[in-house]
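Each remark here refers to the structure printed beneath this line.
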Amino acid sequence: MGIAIGMPIGLPLGMILGNIALGPALGALIGIIVGVILENKINTNPFIPSPEEIKRQRKLLIVAMSIGIILFAVALFLYLFNS
């Protein structure tokens, strides 16, 4: 919900700054900040995960980060050496 609020704010900012691609990035950033503020305001008693869930989340994070790094390295390699 926060990103949906931030995008309409970011698009005109991008046009004002003269870089239309910067607008959605700024809008997403604004939206994430708004979302975090709204979440903390509305949900004062968040769900606390169990130790098993924390371990599973860490494993998933490591796998996702590894895949992301590998895909980034492949894309960088193809970009640099595809001449």
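Readers should treat all values here as calculations from the given coordinates under stated rules, not as data from a laboratory. What you are looking at is a predicted structure, and each value in this text was computed from that prediction instead of being measured. All Cβ positions, even for glycine, are placed from backbone atoms using ideal geometry, and neighbour counts span all protein chains on display.
Worth a mention:
- When the helices of the chain are scored as -39500 (n - 2.57) per DSSP H run of n ≥ 4 and the total is divided over every residue, the value at 222 nm lands at -28500 deg cm²/dmol.
- The distance separating the Cα centre of region 69-83 from that of region 1-48 comes to 30 Å.
- Cα centre as origin, Lys/Arg/Asp/Glu Cβ charges: the chain dipole, Debye: 180 debye
- Charge sum, other residues only, whose C-beta stays under 14 Å from residue 65's C-beta, Lys/Arg counted +1 and Asp/Glu -1: +2
- Computed over the chain, the Cα gyration tensor eigenvalues convert (square root of 5λ each) into semi-axes of 30, 28, 5 Å, ordered from largest to smallest.
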